[in-house]
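Enquirer: This structure is in structure tokens; I'll ask about it shortly.
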Amino acid sequence: MRIDFLTIFPNMFDAFLAEGVIARGVKQGLLDIRVWDLRDFTTDRHRSTDDEAYGGGPGMVMLAEPVLRCVDAIAGPDTRPHIVMTSPQGRRFDQRIASELSAEEHVVFLCGRYEGLDHRVHEALQPDEISIGDFVVSGGELPAMLMADALGRLIPGVVGNTGSVEEDSFFNGLLDYPHYTRPEELRGMRVPDILLSGHHEKIRKWRKEQALRATLEKRPDLLESAELDEEAREILGRIGKF
């Protein structure tokens with residue numbers, strides 16, 4: 001899978017591409033990630049990427065021309081990447097959207113800054129606008145990295161153990177169950193006996209119940225759209241949901 005980032009701060013991606021799961025995916029050749037400096041697509045000697053807004057008002061607006069030039073360089077005449085614009089006006093990012101994006105062959109992230117991009121970028125590219133939440137950050141780079149990490153780890157082979165991806169929070173619409181490791185006792189707190197029993201079926205059922213309990217307690221809204229089998233419905237009935 002190929003992922004491109006368009007930004008005026010390319011150095012922000014150095015650590016993202018040097019460490020962790022995504023870096024391993026790049027090293028293995030499973031992910032092709034490229035970072036583009038929009039200043040390389042400007043036409044003036046100051047390499048300007050923003051200007052004052054027509055009509056007045058505070059803040060600067062990012063110029064459309066460098067963005068469109070860069071997308072032209074990326075896409076070429078025969079390719080149509082899926083273009084994502086980080087935007088507070090977009091649909092709310094979640095695991096479903098991460099899975100949707102991971103099915104694309106080529107995703108391009110437009111990382112806006114300041115008051116946003118000249119609206120002609122929207123008109124020309126018709127991007128998929130996506131928000132990571134109802135709060136403000138300084139630019140689109142961090143949201144783009146977050147989304148790329150979420151979708152990149154869904155590419156087969158990027159995470160070594162596929163089972164760990166399938167058991168992540170939100171993968172099946174539920175929060176994750178609690179995890180424990182050595183030692184068995186720490187400051188008076190013990191690992192649940194069932195996890196030490198070696199009885200795999202009982203452990204599976206315990207983990208499923210704990211995931212349902214956590215979701216019911218912390219994010220009950222998720223249960224409305226989660227894929228619940230008969231066993232899950234029975235557990236929820238027993239603990240007081242259905």
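Readers should treat all values here as calculations from the given coordinates under stated rules, not as data from a laboratory. Computed from a predicted structure; not experimentally measured. In this analysis, Cβ positions are derived from the backbone assuming ideal geometry, glycine residues included, and neighbour counts consider all displayed protein chains.
Enquirer: Please list, ordered by chain and number, the residues whose modelled amide H lies under 5 Å from the amide H of Val108; skip anything fewer than 5 residues away on the same chain.
Expert: Asp4, His82, Ile83, Val84
Enquirer: Angle check, please: helix 200-218 long axis (alpha carbons) against the longest principal axis of the chain (alpha carbons), in degrees 0 to 90, nearest 10.
Expert: That works out to roughly 60 degrees.
Enquirer: Taking a ≥ b ≥ c as the square roots of the eigenvalues of the Cα gyration tensor of the range 172-212, is the shape rounded (a/c under 1.5), prolate (a/b larger than b/c) or oblate?
Expert: Since a/c reaches 1.5 but b/c is at least a/b, the shape of the range 172-212 is classed as oblate.
Enquirer: Where in the range 36-131 are there trypsin sites (Lys or Arg not before Pro) that are in a DSSP coil and have at most 16 other Cβ atoms within 10 angstrom of their Cβ?
Expert: Arg45, Arg47
Enquirer: Rounded if a/c is under 1.5, else prolate if a/b beats b/c, else oblate: with a ≥ b ≥ c from the C-alpha gyration tensor eigenvalues square-rooted, which is the chain?
Expert: It comes out prolate by the Cα gyration axes.
Enquirer: What percent does the relative contact order of the range 77-203 come to when contacts are Cα pairs within less than 8 Å and at least six residues apart?
Expert: 25 percent
Enquirer: For the range 128-146 and the range 215-230, what is the separation of their Cα centres, given in Å?
Expert: Spelled out, the Cα-based centre of one part sits 26 Å from the other.
Enquirer: Using the Karplus curve 6.51 cos²θ - 1.76 cosθ + 1.60 with θ = phi - 60°, work out ³J(HN,Hα) for each residue of the range 32-42 in order, rounded to whole Hz, and write x for Gly and Pro.
Expert: 10, 10, 10, 10, 10, 8, 4, 5, 6, 10, 8
Enquirer: Measure nothing fancy, just the Cα-based angle from helix 64-75's long axis to the longest principal axis of the chain, in degrees from 0 to 90, nearest 10.
Expert: Tilt of helix 64-75: around 60 degrees.
Enquirer: Separate question: Can you order the peptides 176-189, 23-36 by their average number of other Cβ atoms within 10 Å per residue, highest first?
Expert: 23-36, 176-189
Enquirer: Taking springs between alpha-carbon atoms closer than 10 angstrom, which of His122, His46, His82 fluctuates most in the Gaussian network model of the chain?
Expert: In this elastic network of the chain, the residue with the biggest mean-square fluctuation among His122, His46, His82 is His46.
Enquirer: If one takes the longest principal axis of the Cα atoms in the chain, at what angle in degrees, from 0 to 90 and to the nearest 10, does the Cα axis of helix 141-152 lie?
Expert: Relative to the chain, helix 141-152 is tipped by roughly 50 degrees.
Enquirer: Could you give the semi-axes, largest first, of the ellipsoid that matches the range 63-204, computed as the square roots of 5 times the alpha carbon gyration tensor eigenvalues and rounded to whole Å?
Expert: 41, 17, 12
Enquirer: Okay, next question. What per residue convex hull volume, in Å³, do the alpha-carbon atoms of the range 167-239 yield?
Expert: Each residue corresponds to 108 Å³ of Cα convex hull volume.
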